[in-house]
Amino acid sequence: MCGIYGIVSPGQPMPDPRSTLGLMGQILRHRGPDGHGVLRLDRAAFGAERLRVFDPTPAGDQPFVDSTGQVMLVFNGALYNAPKLRADYPGYPYRSATDAEAILPLYLDNGADCALHMDGMFAFAIYDARNATLLLARDRAGEKPLFYRLTGDNLSFASEVQPLLQTGSDRHLDQTALRQFARLGYIAEPRTMFTDITQVEAGTVVEFGGRGVSTRRYWDPDTEAVSTPSADHSQQRLEQLLLAAVSKQLAGDVPVGVFTSGGVDSALLTALAVQASETMRIHTFTVGFSELPYDESKYAESLARRLNTEHQTVRTSELQLLSALRTVIESVAHPIADPAVMPTYILAKAAREHVTVVLSGEGADELFGGYPTYLGHHLSGRYNTLPRVARAALHRVANLAPTSTTGKVPLEYLLKRFTDSADLPVPERHIQWFGTGLDPSCLTAAALADDEVMPRFPIDGDPVWRAGLFDYRTYLRDNLLTKVDRATMLSSLESRAPYLDVAVTRFGLSLDSAAKVHGLRTKWLLKRVASRWLPRNIVNRRKRGLSVPINQWLNGTLREDVDDLLSPGRVRDRGLVRSDAVQRLVAEHRSGQKNHGRALWPLLMLEYWIKRWA
């Protein structure tokens, strides 16, 4: 795991890059405090801040150069099939035992197609002096980040946005990205908040040379599905795939742990990790909250006792959570609206004292049908066949339920959202349920007129399958994985997601929706697998998710910030949301008339971000 960065100038001699690279390295040192390296080759200069996971000796510090001195590499991530690749090229003069160095002979043999043969989570840059070409690539799911910026004839790249702000003076905001953040709560790749900084898309290779920048996709989830066997065989096959994924992601020369919540996804990972681990006791970590509706530590502790893991419950307070929020805002130049970034950062800091790598459950919900939203899509077809008078009556009953601003996701809130949007077209109702929940009537005319705000929604398939694929392409990549990467790497902790293993992903994408949402059960097939490893009370628990009491904070601890940053003048200047609509949302939330926390939080996070970075 590393923070990687560099500057390439293929068309003209490069000015001395040492001062710029030095500053970029300092900014990224949290991603790799164990080793540092900078190297210049021809018209390119690369740097890397290394977190030593494989081969913890200085021999594995990057950048790497091939034996001819013509090809230079920096790599961030974990390459799980590195042993096989090394065996495929036994004659290559390796200088280390790292996974990263295995990419060099693979590239020399396959060129830009090398990414097709890589199994892992990764972002890497290769400069080939033979043709003055730079390659940038990211893994299929988008676990590891990579950004680039064109400034004249130069291209600079980095693992995070902050270093790239040092390579130019302009900070022009991308208005479409601002609108996406207000509607979705995240920015869809390849955009960032800055017009001249681009994110390398997941599953793509970017090439930069004399003809400029071009992008080629090597992984397309729409076309990667395989045929599905019978239900019984599917259960057996999924179990085999998950055990294999966990086994290979436990690899490394450092201690490994698991983030647990007491939910089925992380509990199953823990059980499989204990099964796969032959020589070490698995560490597990969970967050304990003082607010009871948010605290699930007792379930994680019970699981740890059952599986005999080395467990730690990290107790946290409102003060610590808000301090974590300030740290993320100050340190990350890519806005994150997911409130779970706060407890994830606190958990990562505590875990780093014991382990260098953790497994986490990202991807299970999108691939195996875990969100209540998917149950909503499943039930909408039946709901919409009811007579209009019956639907109207159910809508009135749902809205008569008292509003709650406590707890994670109150049932009355879900019922209100369902009856409000069940009759909308699938893409529109999914955004209403899964985005920020901001009603289009709250948006300005300029915000509504931008056709590029909404990412492409799948056209074919039933609603559950389409929604899951959309979330895999967007919400997972641009929100969840961004949150986990930044929160863990701020503490120099590597996070891995076994559910996003290539074989597991192909299997999940291929499943019929009935294997995901069955009757009133979400994650039907995954829970059948889990039932062989876990007690029934864990398998059947209602999905909660990691969250914090933002609804109360907006009316309490953060009240002054809300009044300042969402004031009519600021909202009008931003031009995204109607100021009268925002004031109405705030007033209704303050009075307890309605729960608008999900819509107000991203707007507040956006203003925090603009105040710090723009």
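The values are calculated or read from the model by the stated rules, or taken from the named source; none is laboratory data. Keep in mind it's a predicted model, so treat the numbers as computed, not measured. Virtual Cβ from ideal backbone geometry, glycine too; neighbours counted across all protein chains shown. Side chains included, ligands, DNA and RNA excluded: accessible areas come from the protein's heavy atoms. Shrake-Rupley method; radii C 1.70, N 1.55, O 1.52, S 1.80 Å.
Here is how the numbers come out for the structure above:
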item: Spacing of the two label points (7 Å from each Cα toward its C-beta) at LEU173 and SER567, in nm; result: 1.6
item: Cβ-Cβ FRET estimate between VAL254 and GLU310, R0 fixed at 25 Å, reported to 0.05; result: 0.95
item: Interatomic Cα distance distribution for the stretch 123-266, bins of 5 angstrom, percent; result: 2, 7, 12, 14, 16, 14, 12, 10, 7, 3, 1, 0
item: Placed amide H near LEU359: partners under 5 Å, 5+ positions off or other chain; result: GLY257, VAL258, PHE259, ARG496
item: Lysines whose Cα lies under 27 Å from that of LYS594, excluding same-chain neighbours fewer than 8 positions away; result: LYS408, LYS416, LYS543
item: Nearest-0.05 FRET efficiency for LEU394 and GLU330, computed from C-beta distance (R0 51 Å); result: 0.65
item: Label point distance in nm, ASN384-GLN12, each placed 7 Å from Cα along Cα→Cβ; result: 5.7
item: Rounded percent of accessible protein surface that carbon and sulfur make up, the stretch 65-158, 1.4 Å probe; result: 51
item: Sequence-distant residues sharing a close amide H with HIS36 (under 5 Å, placed H); result: ARG50
item: The chain - charge dipole about Cα centre, Lys and Arg +1 at Cβ, Asp and Glu -1, debye rounded to 20; result: 1660
item: C-alpha center-to-center spacing [the stretch 253-292, the stretch 466-500] in angstrom; result: 18
item: Accessible area per residue in Å² at 1.4 Å probe, computed on the stretch 14-149; result: 33
item: Dimensions in Å of the stretch 410-456 - Rg and Dmax from alpha carbons; result: 11.8, 35
item: Difference of contour (0.36 nm per residue) and Cα-Cα distance, ASP222 to SER19; result: 68.7 nm
item: Distribution of pairwise C-alpha distances over the stretch 178-247, 5 Å bins, in %; result: 3, 11, 12, 14, 13, 13, 12, 11, 7, 3, 0
item: The chain: relative contact order in percent, alpha carbon pairs under 8 Å with at least 6 residues between; result: 15
item: Trypsin sites (Lys or Arg not before Pro) within the stretch 414-482, DSSP loop, no more than 14 other Cβ atoms inside 10 Å; result: ARG456
item: Translational diffusion of the stretch 380-516, µm² s⁻¹ [Kirkwood Rh, Cα pairs; Stokes-Einstein; 4 °C; 1.567 mPa s]; result: 72
item: Estimated distance in nm for a label pair at ILE610 and GLN552, the labels positioned 7 Å out from Cα along Cα-to-Cβ; result: 3.0
item: Reported label for calculated Rg/Rh (Cα atoms, Kirkwood Rh) given (i) 0.99; (ii) 0.96; (iii) 1.06; result: (ii)
item: Highest to lowest packing among 42-52, 81-91, scored as the average C-beta count within 10 Å; result: 42-52, 81-91
item: Calculated FRET efficiency for the pair SER290/ALA514, C-beta based, R₀ 56 Å, to 0.05; result: 0.85
item: 32 Å Cα-Cα threshold exceeded, pairs from LYS84/LYS144; LYS516/LYS611; LYS248/LYS349; LYS84/LYS516; LYS298/LYS349; LYS144/LYS516; result: LYS516/LYS611; LYS84/LYS516
